[in-house]
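Since the structure comes first, as structure tokens, the remarks are kept for the end.
The values are calculated or read from the model by the stated rules, or taken from the named source; none is laboratory data. Quantities reported herein were computed from a predicted structural model and do not represent experimental measurements. A quick note on method: Cβ atoms are made from the backbone with ideal geometry, for glycine too, and the neighbour counts reach across all protein chains shown. Areas reflect the complete protein model, heavy atoms only, side chains present, ligands, DNA and RNA absent. Shrake-Rupley method; radii C 1.70, N 1.55, O 1.52, S 1.80 Å.
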Amino acid sequence: MKAIWDLLRLEHGIMYGIAVIIGIIVSSGTLEFDKAILGFLTAVFCQASSFALNDYLDYEVDLKNKRIDRPLVRGDLKREHALILAVALAPFGFISAYLISFQAFLFALAITILGYIYDLKLKELGVVGNVYIAFTMSAPFLFGGIIAGGVNVQVVVLSLLAFLSGLGREIMKGIEDVEGDALRDVKSVARVKGVNFAYKLSAILITLAVLLSPLPLIHYGFNLLYIVPVAVADVIFLRTVKSLIRKDKDIRRLRKETLLAMLFGLLGFLLGAI
Ligand SMILES: CC(C)=CCC/C(C)=C/CC/C(C)=C/CC/C(C)=C/COC[C@H](O)COP(=O)(O)O
Ligand SMILES: CC(C)=CCC/C(C)=C/CC/C(C)=C/CC/C(C)=C/COP(=O)(O)OP(=O)(O)O
Ligand SMILES: [Mg+2]
């Protein structure tokens, strides 16, 4: 079960799903339970399919990068298992979206097909792939707005914070994968502009997200339910920025740190909205 969880990166799926629910609440002020569940399931199934295909295609690269966090590299699952799951899970996501609305279905279909294109090609384009992944982190908020019948400024602000911190994290991740990325000639910022530039750009983007994190208070008001969790997220992000400025080589720790920061960010976005 752990191998399947790791392959599908279901903790990411749950985060994507929570972001959809946040998008629904912030856009409409209410939460229709059935649409919320379907929106959550859409994000979980679609991201799981994309991540499974990613590991299937990244096998050689992950092996070279000694990515023992990936179940195929550990030998816990066979490559064909990843491909089967990638194909089998997507329809559940598309059907969930279709049951919400045709617009939701089109959105989920587009972002997931782009996910496949990322796995197959976009990833090799470096910063273009980074921008796409960062967009997928802002997308669930917008998807929630679409489910609620309209995306408002507040949802766009939350999605901007996710985009900036996500782009900084993706560029940071490229630093860790420089060696293996050579196999697919991934034109990551770290490989094209150099590791030092990638450290700096990643630090700037994450700092920008932190500096903009009070913006939602315009909508939430002075709400400690938002302020406290987001302040924790900001502190964690700033610790990461300090490590990036120091060119810390333990990117694996920084990946985990930033994911935790995003979790606290999601908690603040959710508690601030309810
Ligand atoms: C300033 C501030 C408070 C920002 C918080 C922004 C926020 C709430 C971000 C959450 C966005 C989100 C829905 C993330 C889902 C989880 C995630 C990181 C998805 C992207 O995964 C792609 C990544 O390349 C996977 O690699 P890894 O995480 O190393 O397994
Ligand atoms: C709101 C809706 C419908 C969906 C939002 C969330 C979705 C489905 C996103 C789909 C696309 C997605 C999750 C793409 C992620 C692609 C991916 C596997 C990125 C990580 O790959 P690598 O760049 O190889 O990084 P790793 O080294 O961690 O494998
Ligand atoms: Mg990968």
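Computed packing ranks the peptides 248-257, 186-195, 19-28, 58-67 as 19-28, 186-195, 58-67, 248-257, most packed first, by mean other Cβ atoms within 10 Å.
Annotation: per residue accessible area for the chain equals 45 Å², rounded to a whole number [probe 1.4 Å, protein chains only]. Report the residues of the range 46-71 in range of a label on Leu183: point 7 Å along Cα→C-beta, backbone N strictly under 12 Å from it. It comes to 55-68, nothing else. Taking 21 Å as the straight-line reach from the Cα of Lys64, the lysines in range (excluding those fewer than 8 positions away in the same chain) are Lys78, Lys121, Lys123, Lys173, Lys187, Lys249, Lys256. For all pairs of alpha-carbon atoms in the chain, what percent lies in each bin of width 10 Å, listed from the first bin to the last filled one? Percent of Cα pairs in each bin: 7, 30, 36, 23, 4, 0.
Could you tell me the distance between the Cα centroids of the range 94-113 and the range 1-71, to the nearest Å? Result: 15 Å between the Cα centres.
Which whole DSSP H helices in the chain pass both tests: a Cα extent of 18 Å or more along the axis and a mean Kyte-Doolittle value no lower than 1.6? Result, helices passing both filters: 10-28, 102-120, 127-148, 195-212, 224-245. Set the Cα radius of gyration of the range 59-129 against 2.2 N^0.38 Å, with N its number of residues, and you get 1.35.
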